[in-house]
Structures are given as C-alpha cells and as structure tokens.
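Everything on this sheet refers to the single structure shown next.
The values are calculated or read from the model by the stated rules, or taken from the named source; none is laboratory data. Treat the numbers as computed from the prediction; the structure is a model and nothing was measured. Because the Cβ atoms are built from the backbone with ideal geometry, glycine has one as well, and the counts that use them run over all protein chains shown. Just so you know, the surface numbers come from the protein's heavy atoms only, side chains and all, with ligands and any DNA or RNA stripped out. Shrake-Rupley method; radii C 1.70, N 1.55, O 1.52, S 1.80 Å.
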2 protein chains.
Amino acid sequence: MKTWVSGTAKVVEIGDGHPTRLIGERINPTGKPKLAEAIRSRDFDFIRAMAREQILAGADVLDVNVGKVGGDVALLSLVAKAIQEEFDIPLSLDSDNPAAVEEALKHIHGKPIVNSVTGQEASLEKILPLVKEYGAAVIALTIDDAGIPPDSERRLAIAQKIVDRAMKFGIYPQDIVIDCLALTVSTQNSGSTATLDAVRKVRTSLGLNQTLGASNISFGLPDRDVINNAFLAIAIEAGVTCPTVNVGKVRQTVLATDLLLGCDRYAQRYIKDYRRRLAAMKPLKQ
Amino acid sequence: MKTWVSGTAKVVEIGDGHPTRLIGERINPTGKPKLAEAIRSRDFDFIRAMAREQILAGADVLDVNVGKVGGDVALLSLVAKAIQEEFDIPLSLDSDNPAAVEEALKHIHGKPIVNSVTGQEASLEKILPLVKEYGAAVIALTIDDAGIPPDSERRLAIAQKIVDRAMKFGIYPQDIVIDCLALTVSTQNSGSTATLDAVRKVRTSLGLNQTLGASNISFGLPDRDVINNAFLAIAIEAGVTCPTVNVGKVRQTVLATDLLLGCDRYAQRYIKDYRRRLAAMKPLKQ
C-alpha cells in the first residue's frame with residue numbers, strides 16, 4: 001500500500017516498492033537541553049540547523065516535537081512554519097496536545113503526518129477528526145487504555161481498531177502508518193521479539209505502512225548504535241517502511257538492508273551514498 | 001536441533017537455544033599472500049597468531065583452509081595439528097580434496113566439521129563415508145551438478161537430498177549443518193533474498209543448524225562491513241545458527257542480534273562483551 005505525504009514542495013511516497021523512507025527524530029527536546037532552550041527562546045536558526053543536518057544525512061520526513069507546550073498551543077506551529085521557511089520536505093507533527101496539532105495543521109503547507117493517534121478513546125475522538133479535516137496522514141500507536149499489550153496479537157487488534165475507526169471518519173487506510181512500538185530490550189527480554197512479531201502480523205493482515213521509534217530498543221545499553229542498526233535491518237525485513245530514527249547513525253545500514261532485500265538494483269543507491277560521503281570528506285593536505 | 005563439535009578439549013554446542021556460534025573464516029589464503037606464504041613455508045607461528053586473533057575476538061570454531069594442496073595431501077592435516085598444539089577449540093576442515101580431509105581427520109583430536117559436502121554425486125560418495133567413519137559433523141552446500149539453484153525451493157531440495165543420502169550412510173541429521181550459499185548482491189539483485197528464503201525454508205522443513213559464508217554477499221562493494229552486518233542480523237533471524245565470518249568485524253552485531261531475538265536475558269552477554277572490549281583498550285597516558 002502506498003502512503004504519500006508532502007512538504008512545501010517535496011512529495012514523498014512511502015511503501016509500494018519504494019526504498020525505506022527515514023523520518024528524522026532529532027527535533028525533540030527530550031534529553032537535549034540546548035534544543036529545549038532554542039525552542040523556549042524561539043531560536044529558529046538553531047532548529048533549522050538541526051533540520052538541515054538531518055536532511056543532509058538523508059532524512060525523507062522530519063518529526064517535529066517541541067516538548068510539553070503548556071498553554072502555548074502555537075509553539076508547534078511556529079517551529080514547523082520556521083522549518084518550512086527553508087526546507088521543502090514533509091513534516092511529522094509530534095505532540096500529545098490536539099490543540100497544538102490543529103494549530104500547526106492550520107498553518108503549514110502540504111500533507112504532513114500527525115504523530116500520533118492511539119487506540120485510546122480520547123485520542124481517537126480528538127485526533128481522527130483533525131486528520132480527516134486537514135487531509136493529513138497519521139501514525140497509529142498500538143497502545144490503548146490498558147497500555148501497550150505485551151503480545152503481538154493484541155497490538156494487531158489495536159491497529160485494526162484504529163483503522164476501523166479512521167474509516168468511519170472517512171480516512172483512507174493508506175493514510176495510516178502503524179507503529180508497533182519498540183520497547184527496551186535490556187529490561188524486557190521479549191521487548192524486541194513481540195514488536196517484530198507484531199510488525200509481521202500487521203504487514204500480513206493489514207498491509208499498511210509502518211514506522212518504529214527504533215532507538216528506544218537500546219535504551220540503557222552501551223554502544224546503542226550497534227543494537228539500533230541490527231534491529232532496523234531485522235525490522236525493515238519484517239515490514240517497517242518508514243522508521244523514525246537518528247538518520248546519520250543508521251542510513252548506511254538502511255541502504256544496505258534495502259540492497260539485501262532486492263530493492264536496490266546493482267547497488268546503485270548504496271554506491272551513490274558511499275560516493276556522496278566520500279566527496280563530503282575533507283581532502284588531505286598535500 | 002542440537003549439533004555438537006569439539007576440539008582437543010572444548011565442546012561447542014550449536015543450535016537448540018544456544019547463542020549464535022561463530023566460525024572464524026580467516027585461515028584461508030585466498031587474497032592473503034602472507035598467509036599463503038606462511039602455509040607454503042610451514043610458518044605455523046604465523047598461522048597460530050591468526051587463530052589466536054580470531055579466538056580472542058570471539059570465534060567458537062575455526063575454519064582451516066590451506067588452499068589448493070596439489071599433491072601435498074598432508075598439508076591441511078599439518079596446519080590443523082599445529083593449531084591444535086595451542087588451541088582447544090573445534091576446527092572446520094575446509095578443502096575440496098577428500099584425501100586431504102581424510103588425512104586431517106586421521107590426525108586431529110575431537111569432533112571437527114568437514115567443510116564441505118555438496119549435492120554433487122562425486123562429493124556425496126567421497127565425503128559422506130569419511131564423515132561417518134571419523135564421526136565428524138559436516139557442512140552441506142546447496143549446490144549440485146547443475147550449479148547453485150537461483151530459487152530457494154531447489155536449494156531446499158538439495159539440502160533434503162544430502163540429508164537423505166547422509167542418513168543412508170548412518171550419519172545423524174543433527175550432524176549436518178546446511179549452507180544455503182550467500183551470493184554476491186551487487187551482480188544479482190536476488191542474491192540475498194533467494195538465500196534468505198532458502199534459510200527460512202530449511203529451518204521450517206528440516207530444522208537443521210545452518211551456516212552461511214556471509215562475507216560473499218558484499219563482494220565488490222564499498223564499506224562491506226555495513227552490508228555484512230545487516231545481512232547477518234537478518235540471516236540469524238531467518239535461521240542461521242553458526243555463520244562463517246570475520247569474527248572481529250561482526251561479533252558485536254551478532255551479540256546485538258541474539259539480544260534482539262530474546263536470546264540474551266538482561267543483555268548480559270552484550271554488556272560483558274562491551275566491558276571486555278573496554279578493558280582491552282589501552283588507557284590514555286595521564
């Protein structure tokens with residue numbers, strides 16, 4: 001199934017034989033005090049530098065999260081607009097405040113992703129009408145009022161429930177991107193396997209595009225990039241089509257995975273990326 | 001299913017809930033002129049240094065390949081014995097000369113792997129009796145007189161054929177390790193997918209342990225380790241239990257993959273390996 005999203009100019013198609021698309025996760029102030037300060041002080045240049053870095057690293061979509069907005073429901077919109085002043089790629093509006101999401105939907109260009117709706121009643125009733133009204137795509141988290149189910153069957157059931165409800169609102173299934181939720185593997189032995197099983201079930205049963213916040217998986221462990229990269233390779237094979245990631249840290253593995261899955265004939269994309277990185281290196285002084 | 005092999009002292013169990021076992025591929029003179037010279041001149045210290053390096057990096061089994069032996073059928077045996085003088089881990093005797101394999105089987109200790117038998121009649125008739133007589137395990141390549149089948153169904157059929165024939169010789173299926181043969185992904189778009197499909201089919205239909213010479217996959221491409229690591233993560237998830245690899249380059253990803261597949265409770269092995277590597281680093285001068 002093909003989902004498409006857009007920014008001011010750029011259209012990105014997800015799924016349906018396209019290579020894996022990368023949603024850049026970096027514009028999120030959790031654990032980033034400098035970014036938190038830049039958001040507070042509306043230092044948009046700092047935020048745009050972060051956007052640029054991810055785009056240069058190969059991001060196809062940028063997630064925009066401004067943290068808890070409190071009463072300032074315009075903040076997400078302001079940041080998203082500031083990014084759109086310079087960059088044309090699609091945005092993913094990441095907030096648990098529906099009013100902030102609506103404010104951003106009103107003011108930005110193109111067809112963004114709303115991140116996210118859950119299987120919780122309050123979320124379904126508030127977020128889905130916005131997705132329909134503004135013609136957005138939406139990330140659907142497989143969590144409901146009882147929490148994140150430990151087993152893959154129930155995560156699939158929540159995904160199915162969100163799709164059913166979205167269709168009642170007139171939202172097409174192809175505009176729903178499922179997130180089966182990667183847990184932390186250091187504390188929960190099945191944190192990864194239950195998620196991968198759910199990804200396979202969603203692919204088989206619903207055939208929808210899927211994202212995963214792949215970095216959670218390695219929380220609390222050393223050399224996290226090694227774990228995140230191995231997880232992504234397996235998760236993409238299982239059915240994830242647009243992971244939410246630190247692009248610069250995983251892009252090469254994602255390109256290698258597309259190649260290994262037969263989606264990069266003669267390794268053209270892999271080699272092109274290699275040459276691009278080679279060209280970006282500073283030449284040695286003679 | 002559980003396969004076990006042994007060296008002079010060490011027993012290694014493969015499969016059946018055990019972590020992924022690594023067969024060290026480095027003792028093979030192809031493309032290594034110094035090693036080729038060391039083998040020619042019987043410089044066993046050089047070869048043992050190469051063995052030591054792989055064992056320290058985490059190899060569970062060492063593949064021993066001395067190249068084309070010509071008339072010198074004792075060479076493989078001599079090198080294998082020289083390794084066993086110092087190291088206790090199981091060996092995999094890698095030669096297409098049955099006389100050289102038999103000479104080594106006669107003289108080394110423990111239960112080695114014979115690498116390899118194929119679906120070709122000449123191979124089946126010469127190798128399987130040796131495997132039975134000396135009580136070895138054997139790697140079975142899914143290739144027959146018609147070559148490597150492009151599709152996974154026929155690779156499975158060859159694996160089945162070798163197992164059937166081996167059983168007629170009195171060899172137990174658990175002593176057969178299947179190799180579905182990784183091809184070069186740069187020249188063949190389905191080089192990886194056909195192999196991974198075959199690995200899944202062998203796991204489902206035969207349930208045997210499986211190896212793969214995982215480095216072939218990236219032949220001719222830049223940054224090969226990125227591709228090899230992504231391939232290994234996917235291949236282990238698919239059913240490979242004892243890949244043949246450059247251990248130092250892939251061990252961390254393999255540990256991460258075991259962790260992600262629920263085979264490393266509380267990440268104990270992953271963290272232990274991290275600490276070991278940290279301890280091996282030279283301290284900065286104060």
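Can you tally the net charge around A:Val138? Count Lys and Arg as +1, Asp and Glu as -1, for every other residue whose Cβ sits under 15 Å from the Cβ of A:Val138.
-3
Rounded to the nearest 5, what % of DSSP beta bridges with both residues in chain B are antiparallel? Working shown, then result.
On the way: 5 of 27 bridges.
Of the beta bridges lying entirely in chain B, close to 20 percent run antiparallel.
Nearest 500 deg cm²/dmol is fine: what mean residue ellipticity at 222 nm does chain B get from its DSSP H runs of n ≥ 4 alone, each adding -39,500 (n - 2.57), divided by its residue count?
-14500 deg cm²/dmol
Considering only protein heavy atoms, what per residue accessible area in square angstrom results for the protein assembly as shown with a 1.4 angstrom probe?
On the way: 24230 Å² over 572 residues.
For the protein assembly as shown, the per-residue accessible area is 42 Å².
Roughly how much of B:Phe46 is accessible, in Å² to the nearest 10, using a 1.4 Å probe?
The accessible area of B:Phe46 comes to roughly 70 Å².
Quick one: of B:Lys106/B:Lys126; A:Lys168/A:Lys201; A:Lys68/A:Lys168; A:Lys10/A:Lys81; A:Lys10/A:Lys201, which pairs are farther than 27 Å apart, Cα to Cα?
Violating the 27 Å Cα-Cα cut-off are A:Lys68/A:Lys168; A:Lys10/A:Lys201.
In the P(r) worked out for chain A, what percent of Cα pairs fall beyond 24 Å?
Tail of the P(r) past 24 Å holds 49 percent of the pairs.
What are the label-to-label distances in nm, one decimal and shortest first, from A:Lys272 to the same spot in the other copies, with labels 7 Å along Cα to Cβ?
Distances between equivalent label points, in nm: 4.5.
Using θ = phi - 60° and the Karplus curve 6.51 cos²θ - 1.76 cosθ + 1.60, what whole-Hz ³J(HN,Hα) does each residue of region B:150-161 get, with Gly and Pro shown as x?
With the stated coefficients, region B:150-161 comes to x, 9, 6, 4, 6, 5, 4, 4, 5, 4, 4, 4 Hz.
If you take every DSSP beta bridge whose two residues both sit in the protein assembly as shown, what share of them, in percent to the nearest 5, is antiparallel?
Working: 10 of 54 bridges.
Restricted to the protein assembly as shown, the bridges split so that about 20 percent are antiparallel.
Given the whole protein assembly as supplied and a 1.4 Å probe, what does the accessible area of A:Trp4 come to in Å², nearest 10?
110
At 1.4 Å probe size, with no ligands or nucleic acids counted, give the accessible surface of B:Arg224 in Å², nearest ten.
About 80 Å², ignoring ligands and nucleic acids.
Taking all protein chains together and a probe of 1.4 Å, list A:Asp60, B:Asp96 from the most accessible to the least accessible.
So the residues, ranked largest to smallest area, are B:Asp96, A:Asp60.
Ordering B:Ser41, B:Ser192 by how much accessible area each has at a 1.4 Å probe, largest first, what is the list?
B:Ser41, B:Ser192
Would you grab the residues whose amide H sits under 5 Å from the one on B:Cys263? Only those 5+ places off in sequence or on another chain, please, with H modelled 1.01 Å from N.
Placed amide hydrogens put nothing under 5 Å from B:Cys263.
Using the Cα centre of the protein assembly as shown as origin and beta-carbon charges of +1 (Lys, Arg) and -1 (Asp, Glu), tell me which of B:Ser116, A:Val5, B:Ile55 is placed farthest towards the positive end of the dipole.
B:Ile55
Considering only chain B, pick the residue with its Cβ nearest the axis of the rotation onto chain A, and state the distance in whole Å.
Closest Cβ on chain B to the axis mapping it onto A, in Å: B:Ala233, 2.
Around A:Ala166, with a cut-off of 9 angstrom between Cβ atoms, what is the net charge of the other residues, counting Lys and Arg +1 and Asp and Glu -1? Numbers along the way, then the final one.
On the way: positive: A:Lys132, A:Arg165, A:Lys168; negative: A:Asp164, A:Asp175.
Net local charge, A:Ala166 excluded: +1.
With each pseudo-label sitting 7 Å past Cα toward Cβ, what's the B:Gln188-A:Lys10 distance in nm, one decimal?
Using points 7 Å along Cα→Cβ, the separation is 3.6 nm.
In straight Cα distance, which aspartates and glutamates are under 14 Å from B:Lys249, not counting same-chain residues fewer than 8 positions off?
Excluding near neighbours in sequence, the set is B:Glu25, B:Glu53, B:Asp223, B:Asp225, B:Asp273.
Using a 1.4 angstrom probe on the protein heavy atoms only, line up A:Thr241, B:Thr8, B:Thr20 by accessible area, largest first.
Ranked list, largest accessible area first: B:Thr8, A:Thr241, B:Thr20.
Counting only other residues whose beta carbon sits under 13 Å from that of B:Lys106, what net charge do I get with K and R as +1, D and E as -1?
Overall, the nearby charge balance is -2.
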